[in-house]
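In what follows, a structure is listed as structure tokens, so that the remarks can point back to it.
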Amino acid sequence: MKEKKLMIPGPIQPDTKVLQAIGSPVRAHYGKEWTEYYNETLDYLKKVFITKGDVHIIVGSGSSAIDACLGSAFGTGDKVVIPINGFFGERLKAISESYGIEVLPVISPYGEEIQIEEIKKVLKSQSDIKGIAVVHLETSTTIVNPIEKLGQLAREENLTFFVDAVSSLGGLNFRMDDWGIDLCATASQKCLGSPPGLAPVAISEFGWESIEKNKHSKHGWYLNLRTWKQYAEDWADWHPFPITMATNNVTALHTSLEDLLEEGIENRLSRYRNLALRLRRGLRKIGMPPLTPDEIMAPVLTAAYGPGGIPTSEIVDFLGEKHGIKIAGGLGKLKNKVFRIGHMSPSVSEDDIDEVLYALDDFNKSLSGR
């Protein structure tokens with residue numbers, strides 16, 4: 001396989017220092033020295049989540065963390081409101097239904113924000129609702145959903161609030177405790193700047209209460225957050241997790257988190273916003289307008305329309321084959337209607353943005369020969 005510049009919504013191309021960390025000698029996953037290093041990694045994550053709650057690192061994809069949170073906090077027959085305005089909102093629904101959860105979907109068109117007032121109507125029309133689950137950054141459309149407002153609503157209604165922050169943590173403003181988030185799932189390979197393989201989860205005190213109240217506790221072992229809590233407590237001094245930890249992945253994540261905290265979260269977010277605006281200005285200039293207006297842009301991901309009548313899969317293939325740049329196509333209802341450019345890697349620069357724009361403009365020029 002030819003190496004390509006990754007400009008997709010994850011995995012990102014990590015910094016050289018992070019790649020060197022994952023390529024370091026394998027370390028034992030238990031003992032005093034490793035446990036101190038692992039706990040320091042958890043402390044770094046707490047600073048990014050901005051939480052005083054518990055954090056665990058599951059070995060798996062971001063979907064494994066989502067699965068763990070939903071399956072641990074809710075059970076068969078529990079009613080959960082899920083706003084859906086994209087492919088990954090539908091994924092939340094599918095994961096929830098695999099646990100027998102009764103999903104109350106609140107559907108908005110792809111490319112539009114979820115509607116808080118519509119969610120309030122559902123809450124008033126139904127009894128015994130246990131929670132709300134939502135995607136923060138819907139990568140299929142690049143829409144950023146208003147999780148701060150949803151968290152306030154969940155607190156008012158005494159509901160358990162779960163957020164899928166797989167594509168947003170470390171790249172968008174995020175304050176877990178202040179926004180009333182009870183369970184949150186993310187992944188190492190996106191804005192956290194590390195290779196794939198780790199799925200951090202964060203749980204508030206209220207989140208643990210919800211888990212303990214869930215009568216359907218026998219949904220599994222590996223992705224049952226009770227299991228992770230038990231080992232974090234019982235084996236805290238030498239092996240604070242129930243499995244063989246992926247030590248090299250943790251070393252890489254530790255390194256990328258150090259870089260994030262050294263740069264400063266606000267500084268990084270500001271840099272991402274500037275890159276996003278540069279890209280969006282360039283897209284408009286070459287006649288490929290962004291899907292969303294700048295006022296609701298995602299600073300780490302941009303979706304755009306291609307030339308009229310051209311399936312956007314052709315643009316994806318052209319950039320990969322001629323310029324060695326990997327971008328993404330549309331998902332679900334937006335397949336072949338938009339293409340997506342990820343700029344969530346900590347190492348993405350203005351030169352990278354300009355290189356993508358040059359390649360897209362080259363695609364436009366190639367159309368003249370048809």
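Since every read-out is calculated from the coordinates, none of them should be taken as a lab result. In this text the structure is predicted, and so the values were computed from the model without any measurement. Please note: Cβ atoms are built from the backbone with ideal geometry, for glycine as well, and neighbour counts cover all protein chains shown.
Some points to look at:
- Counted over the range 16-261, the DSSP beta bridges are approximately 40% antiparallel.
- At R0 = 35 Å, FRET efficiency that the Cβ-Cβ distance of LYS365 and LYS4 yields, to 0.05: 0.95
- Counting neighbouring beta carbons within 10 Å and listing from fewest to most, the residues ARG271, ARG284 come out as ARG284, ARG271.
- Sites counted here are chymotrypsin sites (Phe, Trp or Tyr not before Pro) in a DSSP loop (not H, G, I, E or B) having no more than 11 other Cβ atoms within 10 Å; the longest part of the chain that contains none of them is 1-220.
- Net charge over other residues, Cβ less than 13 angstrom from the Cβ of GLU102 (K, R count +1; D, E count -1): 0
- For the range 161-197, the residues whose backbone nitrogen is under 15 Å from a point 7 Å from the Cα of ARG271, taken along Cα to Cβ, are 170-172, 191-194.
- R0 of 35 Å, Cβ-Cβ distance ARG155-ILE296: FRET efficiency to nearest 0.05: 0.90
- Degrees, to the nearest 10: 32-49 long Cα axis against longest axis of the chain: 60 degrees
- Put in order of Cβ neighbour count within 10 Å, fewest first, the listed residues ARG273, ARG175, ARG340 become ARG175, ARG273, ARG340.
- Cα gyration tensor, the range 16-261 - rounded (a/c under 1.5), prolate or oblate: prolate
- Dipole in debye (nearest 20) - the range 287-341, about Cα centre, beta carbon charges: Lys, Arg +1; Asp, Glu -1: 180 debye
- Residue-averaged 222 nm ellipticity for the chain, from DSSP H runs of 4+ at -39500 (n - 2.57), nearest 500: -13500 deg cm²/dmol
- Among LEU223, PRO83, VAL55 - extreme Cα towards positive end, dipole of the range 16-261, charges at beta-carbon: LEU223
- Remark: the SER63-ILE107 segment gains 13.7 nm on full extension, using 0.36 nm per residue and subtracting the alpha carbon distance.
- Listed residue (PRO307, LEU6, LEU261) projecting farthest to the positive dipole end of the chain, Cβ model: PRO307
- Within the straight-line cut-off of under 16 Å between alpha carbons, the lysines reachable from LYS5 are LYS190, LYS322, LYS326, sequence neighbours fewer than 8 places apart in one chain being disregarded.
- GNM on the chain, alpha-carbon springs under 10 angstrom: the most fluctuating residue among ASN145, ASN274, ASN249 is ASN274.
- Neighbours of ASP164 by Cβ distance under 14 Å: Lys/Arg scored +1, Asp/Glu scored -1, total -1.
- Extension gain, LYS17-GLN230: 0.36 nm per intervening residue step, less the Cα-Cα distance, totals 73.3 nm.
- Within a Gaussian network of the chain (alpha carbon springs, distance under 10 Å), most fluctuating of ASP237, ASP164, ASP182: ASP237
- Most mobile of SER349, SER98, SER127 in a GNM of the chain (Cα contacts under 10 Å): SER127
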